[in-house]
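Below you'll find the structure, written out as structure tokens, and then a few comments.
What follows draws every value from the coordinates through simple rules; no lab data is involved. This one's a predicted model, so the numbers in the text were calculated from it and none came from an experiment. In this analysis, Cβ positions are derived from the backbone assuming ideal geometry, glycine residues included, and neighbour counts consider all displayed protein chains.
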Amino acid sequence: MAGKEKLAVHGGPRLIPPGTIKPWPPIEVIDRRMVLDSLNGEIHTSGVHCQKFQEEFAAWNGNRFAINTNSGTAALHMAVAACGCGVGDEVIVPAYTWSSSATCALHHDAIPVFVDINWETMNIDPEKIEAAISENTRAIIAVHLHGLSVDMERVMAVAARHGLKVIEDGCQSHGATFRGRKVGTWGHANAFSFNQNKCLCSGDGGMFVTDDEDLYLRARQVWSFGETRTPMEDRDYHAYALGWMYRGNDMLAAFGRAQLTRLDHYLEVQRRNAARLTAVLEGTPGVILPTEPPDCWHTYYNYTIRLDMEALGHADDAAAFRNKFVKALQAEGADRGVGPWQRWILPAMTVFQARNAYGHGHPWSHPRARPVDYSPDQFPLARRHADWSFGMTYPLRAPNSPDVAEQVGLAIRKLIDNIDDVDRVDVAA
Ligand SMILES: Cc1ncc(COP(=O)(O)O)c(C=O)c1O
């Protein structure tokens with residue numbers, strides 16, 4: 001393809017026919033059967049499907065303990081609490097991730113301290129963690145973004161040197177491995193999400209996992225009203241500590257169990273589709289493809305591309321140009337699960353800039369708190385990534401085939417071949 005094809009966004013023919021990209025997740029007989037089984041049961045809160053889901057997920061991931069939650073965020077907060085993070089303690093978090101990878105620390109009165117990302121992996125740069133550690137640091141939250149594991153050997157080594165706890169945020173990376181070992185089995189207390197977009201989707205929901213019995217028991221208290229006996233046991237209805245209501249429910253657990261039976265297959269589909277997309281896009285000027293470091297098994301939860309804004313002549317209006325590119329790509333028919341993900345680095349978000357989570361400047365105003373610097377300039381790679389990147393989920397997911405991934409790749413190439421026309425896209429129109 002050598003330029004001067006009219007873009008669909010400007011009225012030209014769209015490259016990908018309507019309805020090509022199928023929605024996520026595939027719903028099969030087993031999903032319907034399991035959800036109906038839950039409905040036909042008597043307990044709709046923490047019922048038998050919740051118990052089984054915990055057991056089956058723990059077995060699948062290789063953990064001793066699992067607690068089914070109503071979100072990944074709940075599981076993260078439980079991990080922060082279980083690890084003993086409290087008022088004025090600092091928790092290290094990547095500057096580029098989902099907001100609740102960091103606000104989970106605030107929920108327990110701890111203070112996030114941000115670290116820039118590694119440009120290649122898009123994850124926290126393990127080399128930069130040590131410089132962010134202070135006498136108040138209690139934990140490191142290692143977020144495995146987009147289906148790629150952080151270098152967990154380095155993170156665990158830094159944590160061991162400083163006596164810190166490690167929390168893995170595996171919400172985007174079920175099944176990803178580092179040196180053959182799954183995410184969620186390295187850290188002390190770890191979290192997964194099962195929301196709509198996740199590779200294991202139950203609509204909403206999450207899982208806290210750990211191998212440490214003490215952490216498990218502490219997390220369980222936070223999970224259910226500060227009680228020590230769960231609703232599955234003989235409750236005494238006594239709040240022994242501050243707790244929330246983070247329990248999952250039986251119907252969603254049934255859905256999650258059904259999806260779990262196909263999770264390994266889904267991940268293989270994603271890798272196969274990602275391989276085709278990479279083959280189509282390799283060598284395309286101005287396009288930086290995601291990498292899979294030799295020690296990692298990438299699940300391509302989100303196949304994240306960076307447009308090389310310097311090569312494309314848009315270093316000064318990178319985010320605006322990326323938005324034009326994405327609008328043009330969606331108009332070509334890549335209209336499901338394609339777009340920029342997180343456009344803000346976390347330290348630039350108002351919740352951190354305002355330093356006022358609980359009123360009166362809390363927790364930053366607490367006498368134990370050290371001053372922390374949230375100026376965005378300290379995180380140049382995270383900022384560049386936020387402005388240059390967009391990603392895709394559905395086109396690479398089951399039931400979509402490599403041919404669908406190829407069509408999206410060809411649409412990207414069409415835009416690159418007609419890059420001056422992309423610049424004329426009116427994002428507001
Ligand atoms: C990296 C990351 N952490 C945490 C979460 C929070 O998960 P949930 O939406 O289930 O609370 C998400 C997903 O939204 C995420 O992508």
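Observations, loosely collected:
- Computed over segment 231-322: relative contact order in percent, which uses C-alpha pairs under 8 Å that are six or more apart: 21 percent
- Packing-based ranking, highest mean first, of 63-71, 50-58 given that Cβ atoms within 10 Å are counted: 63-71, 50-58
- With contacts taken as Cα pairs under 8 Å and at least 6 residues apart, the chain reaches a relative contact order of 23 percent.
- Residue-wise HN-Hα couplings along segment 90-103, as the Karplus relation 6.51 cos²θ - 1.76 cosθ + 1.60 with θ = phi - 60° gives them from phi, are 10, 10, 8, 9, x, 6, 10, 5, 6, 4, 6, 4, 10, 5 Hz; Gly and Pro carry x.
- For segment 51-146, the spread of Cα positions along the three principal axes, ordered from largest to smallest, is 42, 34, 21 Å.
- Between 0 and 90°, nearest 10: helix 152-162 axis offset from the chain longest Cα axis: 40 degrees
- Length available on full extension from residue 55 to residue 5: 0.36 nm per residue minus the Cα-Cα distance, which gives 12.6 nm.
- With respect to the chain, whose longest principal axis is taken over its alpha-carbon atoms, helix 213-223 is tilted by about 80°.
- 3J(HN,Hα) along segment 121-127, derived from phi through the Karplus expression 6.51 cos²θ - 1.76 cosθ + 1.60 where θ = phi - 60°, amounts to 8, 6, 9, 3, 8, x, 5 Hz, with x in place of Gly and Pro.
- Neighbours of residue 275, meaning other residues whose beta-carbon lies under 15 angstrom from its beta-carbon, give a summed charge of -1 when Lys and Arg score +1 and Asp and Glu score -1.
- Computed on the Cα trace of the chain, the radius of gyration divided by the Kirkwood hydrodynamic radius gives Rg/Rh = 0.99.
- Highest average first, the peptides 38-44, 421-427 ordered by how many other beta carbon atoms sit within 10 Å of their residues are 421-427, 38-44.
- For the chain, the longest principal axis of the Cα atoms and the long axis of helix 263-281 meet at an angle of about 30 degrees.
- Peptide packing: for 160-166, 399-405, the average count of neighbouring Cβ atoms within 10 Å per residue gives the ranking 399-405, 160-166, highest mean first.
- Each stretch of four or more DSSP H residues adds -39500 (n - 2.57); spread over every residue of the chain, this sum gives -10000 deg cm²/dmol at 222 nm.
- Calculated on C-alpha atoms, the gyration radius of segment 340-429 divided by its Kirkwood radius gives an Rg/Rh of 1.18.
- Amide H to amide H distances under 5 Å link residue 226 with 243, 244, where only residues 5 or more positions off or on other chains count and H is placed in the peptide plane.
- Annotation for segment 284-365: trypsin sites (Lys or Arg not before Pro) lying in DSSP loop with at most 15 further Cβ atoms inside 10 Å of their Cβ are 343.
- Built amide H within the under 5 Å cut-off of residue 140, gap 5+: 92, 165, 166, 167
- Hits among lysines - C-alpha to C-alpha of residue 182 under 25 Å, sequence gap 8 or more where chains match: 52, 128, 165, 198
- Taking the centroid of alpha carbons for each part, segment 223-285 and segment 50-74 are 7 Å apart.
- Filtered chymotrypsin sites (Phe, Trp or Tyr not before Pro), segment 273-323: DSSP coil and at most 16 other beta carbons within 10 Å: none
- Cross-link partners for residue 324 among the aspartates and glutamates, with Cα-Cα distance under 13 Å and sequence neighbours closer than 8 places in the same chain left out: 332, 387, 420, 421, 423, 426.
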